[in-house]
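Asker: Below is a structure I'd like to ask you about.
Throughout, read-outs are computed from the coordinates displayed, never taken from laboratory work. On a predicted model such as this, the values are computed, not experimentally measured, just so you know. Heads up, the Cβs are rebuilt from the backbone with ideal geometry, glycines too, and the neighbour counts pull from every protein chain shown.
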Ligand code: GRF
């Protein structure tokens, strides 16, 4: 068990249910070397905020509809994130596209989880598109965030088989269950100092990573 103050402070950005946030909360409670120091949502009243409050984690809501333009929202969000003094920012079901200035501000210390095997199916409705494409394998990816939407260097992936009778909901649930294993694992590696990204190159245990780790 890593003591509280030595654990990496992590801010988690959410927009909805927060099941990935919940997985991170449970990982921290189980003694992983990180702690969730703040949760910020761009939407009020979402379940993820309740999850944070139940766990005693400070929350903030920055409603993007209250801002005149994207740059103002991003600047306010960046200030809110910095107020928690995080070592890592995690986008966990965060449904806003972040501008270059925000991305640069947290370059190398911001991760996102995306429900596909990137670079396949960037963007939305990934499970529906995977089924339509007839792929036999699907999954989730955790990547460092860059200014390219869902395009940053991928750290790790979790794979699931696509079954012939899968619906979007069934496949999505199968992927989501793997997300809940994948994201805490990558956050733990980062908290342990095993992961870094510099000049677009990921290094894992100081060795350049040329393909995603498979979890
Ligand atoms: C997850 O599939 C995540 O990959 C995507 O948003 C979905 C909901 O995540 N970005 P959560 O339940 O809010 O963590």
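Asker: Please report the relative contact order for the stretch 4-210, taking Cα pairs under 8 Å with a sequence separation of at least 6, and give it as a percent rounded to a whole number.
Answerer: It comes to 19 percent, rounded to a whole number.
Asker: With N set to the number of residues, divide the alpha-carbon radius of gyration of the stretch 49-168 by 2.2 N^0.38 Å and report two decimals.
Answerer: Cα-based Rg divided by the globular estimate yields 1.21.
Asker: Which of 46, 175 has the fewest other C-beta atoms within 10 Å, and how do the rest follow up to the most?
Answerer: Going from sparsest to densest Cβ surroundings: 46, 175.
Asker: How big is the shadow of the Cα convex hull of the stretch 95-166, averaged over all directions, in nm²?
Answerer: 4.7 nm²
Asker: Rounded to the nearest 5, what % of the DSSP beta bridges within the chain are antiparallel ones?
Answerer: So the antiparallel bridges amount to about 45 percent of the total.
Asker: Taking every alpha carbon pair in the stretch 4-210, what does the distance histogram look like in 5 angstrom bins from 0, in percent?
Answerer: For the stretch 4-210, the pair-distance distribution reads 1, 8, 16, 19, 21, 17, 11, 5, 1, 0.
Asker: Taking just the C-alpha trace of the stretch 127-215, give me its Rg and Dmax in Å.
Answerer: Over the stretch 127-215's Cα set, Rg and Dmax evaluate to 14.4, 43 Å.
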